Amino acid sequence: MTHHTHRPPEGEPLIRPSTTDHPLYEAVVEACRSVYDPEIPVNIYDLGLVYSIEIDATGAVRIAMSLTAPGCPVAGEMPGWVADAVGAVPGVRQVDVEIVWEPPWGMDMMSDAARLELGFM
């Protein structure tokens, strides 16, 4: 049996689409909103750090997220916080959190609510 590493085909977006039509989606988003970036008093969802939320039919959740900076002091802990928060959502069977650095996070990924909160608007 040959084993080759999976590479996305050319032209596939860096950020996989979220499963927005899944019944658990909103609850998972709310769980992400309960996790805050320690450097910035805004939750990671409104900061735009949660790149995608994929939920399969069995209730397994895959989250791709980034951090505001690669040297972020909580880089090692953040995935655990997110996994704990999302894992507490009724119906979620397992949570897999992946930290990605592509595309790099930028201020333009923040929601308007986050910009207002931080006085950028």
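Of note:
- Among the candidates V100, V92, V74, residue that is among the β-branched types (V, I, T) and touching a Gly at 6+ places or on another chain (Cβ under 8 Å): V92
- Check on T68, crowded, with 16+ Cβ neighbours inside 10 Å, closer than 17 Å to W105 by Cα and modelled with pLDDT under 95: yes
- Filtered residues of segment 77-113 (kept if closer than 16 Å to E30 by Cα and at pLDDT below 90): A113
- Selection of first residues in segment 16-41 that are within 16 Å of V97 (Cα to Cα) and of second residues that are aliphatic (A, V, I, L, M) and surrounded by fewer than 16 Cβ atoms within 10 Å (Cβ to Cβ), restricted to Cβ pairs under 7 Å at least 6 apart or on distinct chains, gives the following pairs, ordered by first then second residue: A31/A88.
- For segment 68-80, filtered to residues that are within 14 Å of the chain's Cα centre (by Cα) and touching a residue at least 24 places away in the same chain (Cβ under 8 Å), the residue that is nearest to C32 (Cα to Cα) is M78.
- Within segment 81-110, the set of residues being touching a residue at least 12 places away in the same chain (Cβ under 8 Å), surrounded by 14 or more Cβ atoms within 10 Å (Cβ to Cβ) and more than 23 Å from P17 (Cβ to Cβ) comprises W81 only.
- One residue stands out in segment 19-46 among those that are among the hydroxyl-bearing types (S, T, Y) and either modelled with pLDDT of 95 or more or touching a Lys or Arg at 6+ places or on another chain (Cβ under 7 Å) (or both): the one that is surrounded by the most Cβ atoms within 10 Å (Cβ to Cβ), namely Y45.
- Just one of (1) among the hydrophobic types (A, V, I, L, M, F, W, C); (2) at pLDDT 90 or above; (3) loosely packed, with under 12 Cβ neighbours inside 10 Å fails for L49. It is (3).
The values are calculated or read from the model by the stated rules, or taken from the named source; none is laboratory data. Treat the numbers as computed from the prediction; the structure is a model and nothing was measured. Heads up, the Cβs are rebuilt from the backbone with ideal geometry, glycines too, and the neighbour counts pull from every protein chain shown.
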